[in-house]
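Chemist: Have a look at this one.
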Amino acid sequence: MSVLKGHCLCEAVQISVQDAPGWVGVCHCDMCKRWSGAVFACFPASEFEVDGPVAEHASSPKSFRAFCGRCGSHLYMRDEGRAERDFMPGLFAEARDWPLKSEIYTDRALCWAGLPGDHNRATQAEYQAKYPSPMGEPS
Ligand SMILES: [Zn+2]
Ligand SMILES: [Zn+2]
């Protein structure tokens with residue numbers, strides 16, 4: 001079992017993730033764009049430890065977006081009743097080499113933020129047809 005270690009900008013929050021998937025998904029929806037400032041990227045993990053001054057914002061009735069209460073670095077997203085969290089890849093040095101697997105809400109992206117490559121892509125309408133909840137899991 002491989003353990004991935006990461007931390008926020010001020011290092012007050014330390015994160016360990018077991019068996020990370022080794023790929024990243026990107027979402028350009030209006031909420032992710034606003035929260036990230038531009039491009040939102042994450043990867044799912046169900047076994048992890050998070051220590052430090054974590055703060056969470058309830059961004060929708062059953063979804064929470066977490067950040068370091070000291071430096072504000074974004075840490076993860078989680079849905080109520082779902083074991084997985086979607087972690088921010090930039091917190092982990094090893095994630096630099098992971099490929100992009102999916103890009104969703106492509107028609108909502110900032111005009112310069114579309115990403116090159118042969119990964120899966122879906123517009124807002126295409127994604128919502130597959131996942132009725134507006135912020136489901138990227139596939
Ligand atoms: Zn911090
Ligand atoms: Zn999104």
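Read the figures in this text as sums done on the coordinates, not as results from a lab. All values reported here derive from a predicted model rather than from experimental measurement. Heads up, the Cβs are rebuilt from the backbone with ideal geometry, glycines too, and the neighbour counts pull from every protein chain shown.
Chemist: Multiplying the sequence separation of residue 14 and residue 119 by 0.36 nm and subtracting their Cα-Cα distance, what value in nm do you get? Kindly include the intermediate steps, with their values, before the conclusion.
Modeler: On the way: separation 105, 0.36 × 105 = 37.80 nm, distance 3.03 nm.
So the chain would gain 34.8 nm between residue 14 and residue 119.
Chemist: Could you line up 35, 112 from fewest to most neighbouring Cβ atoms inside 10 Å? It would help to have the intermediate numbers written out before the result.
Modeler: Values: 35 16, 112 7.
Least to most surrounded, the residues fall as 112, 35.
Chemist: Moving on to the next point. Can you compute the modelled spin-label distance between residue 23 and residue 71, with each label point 7 Å from Cα toward Cβ, in nm?
Modeler: Distance between label points: 3.0 nm.
Chemist: Then there's this: Roughly speaking, what is the stretch gain from residue 80 to residue 97, that is 0.36 nm per residue apart minus the C-alpha to C-alpha distance, in nm to one decimal?
Modeler: On the way: separation 17, 0.36 × 17 = 6.12 nm, distance 3.02 nm.
Net length gain for the segment: 3.1 nm.
Chemist: Oh, and also: Evaluated at 20 °C with a viscosity of 1.002 mPa s, what Stokes-Einstein diffusion coefficient in µm²/s does the chain have when Rh comes from the Kirkwood expression over alpha-carbon pairs?
Modeler: Values: Rh = 15.3 Å.
Using the Kirkwood radius from Cα pairs, D works out to 140 µm²/s.
Chemist: Another question, if that's okay. Neighbour counts of other C-beta atoms within 10 Å: give me 7, 119, 28 arranged from fewest to most. If you can, show how the numbers build up before the last one.
Modeler: Values: 7 18, 119 15, 28 23.
Listing 7, 119, 28 from fewest to most nearby Cβ atoms yields 119, 7, 28.
Chemist: Another one. Could you point to the residue in 21, 40, 88 farthest towards the positive end of the chain's charge dipole, with +1 and -1 charges on the Cβ of Lys/Arg and Asp/Glu respectively?
Modeler: 40
Chemist: Here's a follow-up. Modelled label-to-label distance, residue 5 and residue 126, 7 Å Cα→beta-carbon offset: nm?
Modeler: It works out to 4.0 nm between the two label points.
Chemist: About the Cα centre of the chain, how large is the charge dipole given +1 on each Lys and Arg Cβ and -1 on each Asp and Glu Cβ? Please answer in debye to the nearest 20. Intermediate results must be reported in sequence, preceding the final value.
Modeler: Numbers: 14 positive and 18 negative charges, 75 e Å.
Result for the chain is approximately 360 debye, rounded to the nearest 20.
Chemist: Hey, another quick one. So, in nm, how far is label residue 110 from label residue 38 when the simple model puts each one 7 Å beyond its Cα toward the Cβ?
Modeler: The answer from the label model is 0.4 nm.
Chemist: If you rank 17, 54 by fewest surrounding Cβ atoms within 10 Å, what's the result?
Modeler: Going from sparsest to densest Cβ surroundings: 54, 17.
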